[in-house]
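Handing you a structure now.
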Amino acid sequence: MDKFRMMFQFLQSNQESFMNGICGIMALASAQLYASFEFNCPCMPEYNYTYGIGVLVIPAFWFFLLGFVLNNNVSMLVEEWRRPTGQRGKDPTILRYMFISISQRSLIAPAVWISVTLMDGESFVCAYSVDLDVYQFGNATEHGLSEEELMRMLAKIPCKLIFDGQHIISREAATRYIQCVSQAFGWLFLLLITVIAFLIRAIRPCFTQAAFLKTKYWSHYVDIERKMFDETCTEHAKGFAKVCIQQYFESISGEMRSFHGHLRGDDSDDDDDDDEKHNNDEDKLLGIWAQDDMDKVLWNWHTCKPPLSLRKDGVSDDSNSFVNGNVSMNQHTFVNGDGYPSNTIQKKEWAVYYSKV
């Protein structure tokens with residue numbers, strides 16, 4: 001049990017790396033799934049295009065949704081978006097950053113599926129076999145077929161066993177042509193994805209890094225705050241249950257002793273140890289001893305989270321110049337245009353480091 005707990009804590013502390021690994025596994029699974037997938041085209045002009053494009057798009061969309069389902073930050077994003085404002089405002093840039101981060105990871109597996117599908121070309125042959133030019137690949141003047149019969153014959157090109165128009169059009173040449181077009185689209189898709197990723201990496205440092213760092217910091221804060229709140233609630237629930245059970249057994253044992261008239265011996269040392277453990281359990285309750293009080297705490301946390309403005313005991317509110325990312329200009333003056341309050345440089349500490357290297 002301890003090993004599973006340690007593994008769970010490790011995954012929580014390395015959630016970003018874990019999610020990247022999950023996305024990589026999903027990408028490999030998509031490629032392996034397509035390799036084991038037996039493609040069967042309906043070989044009917046009414047359904048070829050729908051089936052071929054559906055095989056290309058629908059599994060990719062399913063992998064995209066699966067990436068959202070497996071990402072724990074989705075519920076955190078929705079909670080942050082839907083929560084009441086209360087004493088803490090909601091920053092749209094943080095929500096946008098979280099959504100983009102989730103989407104980027106979720107797009108890995110769909111991109112792999114589309115790439116593998118286009119490189120293979122079977123779905124492309126199924127979708128576009130009806131649109132082939134008979135004049136380019138076969139005998140278009142002496143086939144003696146109507147337009148509807150010709151479309152039905154072209155629709156059978158992906159199905160080798162039932163194709164019966166070899167005397168009119170070369171199936172191998174038509175299939176090879178469509179597969180080459182599909183592979184060309186696959187390489188263009190990979191090139192497009194690579195160029196977009198490169199532009200995102202290259203252009204992002206050109207914008208203001210302060211805004212990006214601020215958004216990244218508070219998005220991490222929201223994630224960490226939620227985890228620590230869940231851990232605190234879990235510890236409080238454990239302490240509440242333990243104290244409740246202890247009080248129950250103490251009351252039952254007291255009633256039984258008074259009923260039977262049985263008195264215990266001198267167990268002062270054991271009583272002291274029990275009192276210390278009992279006090280430690282009571283400290284975990286943080287002064288909340290009733291169900292109604294806990295319900296009020298949880299309700300207030302949801303409807304009116306505390307403002308992000310911390311101060312130590314005994315320190316005046318004037319020292320808090322940075323509240324929610326805003327600076328109080330009437331309380332501090334700025335020196336040399338560096339953006340640092342003047343009272344932060346009243347005291348200087350000098351440290352000298354010596355090195356023998």
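The values are calculated or read from the model by the stated rules, or taken from the named source; none is laboratory data. From a predicted model like this one, the values you see are computed outputs, not experimental measurements. When we count neighbours, we look across all protein chains shown, and the Cβ atoms used for this are built from the backbone with ideal geometry, even at glycine. Please note that ligands, DNA and RNA were not included when accessible areas were found on the heavy atoms of the full protein model with its side chains. Shrake-Rupley method; radii C 1.70, N 1.55, O 1.52, S 1.80 Å.
Residue-by-condition table, conditions (1) more than 30 Å from Thr303 (Cβ to Cβ); (2) open to solvent by less than 70 Å² (accessible area, probe 1.4 Å); (3) among the acidic types (Asp, Glu):
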position	(1), (2), (3)
Ser30	yes, yes, no
Pro42	yes, yes, no
Pro45	yes, yes, no
Val55	yes, yes, no
Phe64	yes, yes, no
Asn71	no, yes, no
Asp91	no, yes, yes
Leu107	yes, no, no
Thr117	yes, yes, no
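Looking for something under 30 Å from Arg105 (Cα atoms), of a type outside the set (D, E, K, R), open to solvent by less than 80 Å² (accessible area, probe 1.4 Å) and in a helix (DSSP H, G or I) - is there at least one such residue anywhere in the stretch 140-161?
Within the stretch 140-161, not a single residue is under 30 Å from Arg105 (Cα atoms), of a type outside the set (D, E, K, R), open to solvent by less than 80 Å² (accessible area, probe 1.4 Å) and in a helix (DSSP H, G or I).
So Gly89 ticks every box in (1) more than 29 Å from Trp218 (Cβ to Cβ); (2) of a type in the set (Gly, Ala, Ser); (3) not in a helix (DSSP H, G or I) but one. Which box is left unticked?
The one condition Gly89 does not meet is (1).
Kindly provide the set of residues from the stretch 200-235 that are aliphatic (A, V, I, L, M) and either under 30 Å from Pro306 (Cβ atoms) or open to solvent by 80 Å² or more (accessible area, probe 1.4 Å) (or both), ordered by number. Walk me through it before giving the result.
Just the residues of the stretch 200-235 that are aliphatic (A, V, I, L, M), to begin with: 200, 202-203, 210-211, 213, 222, 224, 228.
Ile200, Ala210, Ala211, Leu213, Val222, Ile224, Met228, listed by residue number.
Same structure, new question: As an exercise: evaluate Thr194 against (1) polar (S, T, N, Q); (2) surrounded by 11 or more Cβ atoms within 10 Å (Cβ to Cβ); (3) at pLDDT 85 or above and give the number of the one condition it does not meet.
Only one criterion in (1) polar (S, T, N, Q); (2) surrounded by 11 or more Cβ atoms within 10 Å (Cβ to Cβ); (3) at pLDDT 85 or above is unmet by Thr194, namely (2).
Going through the stretch 123-137 one residue at a time, which ones are outside any loop (DSSP other than H, G, I, E, B), open to solvent by less than 30 Å² (accessible area, probe 1.4 Å) and in contact with a helix residue (DSSP H, G or I) (Cβ under 6 Å, 6 or more places away or on another chain)? Break it down stepwise before answering.
Here is the first cut: in the stretch 123-137, the residues outside any loop (DSSP other than H, G, I, E, B) are 123-128, 134-137.
Subset that is open to solvent by less than 30 Å² (accessible area, probe 1.4 Å): 123-127, 134.
Ser123, Phe124, Val125, Cys126, Ala127 - these are the residues of the stretch 123-137 that are outside any loop (DSSP other than H, G, I, E, B), open to solvent by less than 30 Å² (accessible area, probe 1.4 Å) and in contact with a helix residue (DSSP H, G or I) (Cβ under 6 Å, 6 or more places away or on another chain).
Can you report the number of residues in the stretch 46-84 which are assigned to a loop (DSSP other than H, G, I, E, B) and touching a His at 6+ places or on another chain (Cβ under 9 Å)?
Qualifying residue count for the region: 2.
Could you go through the stretch 36-52 and let me know if any residue there is aliphatic (A, V, I, L, M), in contact (Cβ under 8 Å) with a residue 24 or more places away in the chain and under 30 Å from Leu308 (Cα atoms).
No: zero hits.
When you go through (1) in contact with a Lys or Arg (Cβ under 8 Å, 6 or more places away or on another chain); (2) at pLDDT 90 or above one by one for Arg88, which number turns out not to apply?
Unmet for Arg88, out of (1) in contact with a Lys or Arg (Cβ under 8 Å, 6 or more places away or on another chain); (2) at pLDDT 90 or above: (2).
Same structure, new question: Residues that are at pLDDT 90 or above and either basic (Lys, Arg) or closer than 22 Å to Asn48 by Cα (or both): does the stretch 161-170 have at least one? It would help to see each step written out before you state the result.
Just the residues of the stretch 161-170 that are at pLDDT 90 or above, to begin with: none.
No, the stretch 161-170 contains no residue that is at pLDDT 90 or above and either basic (Lys, Arg) or closer than 22 Å to Asn48 by Cα (or both).
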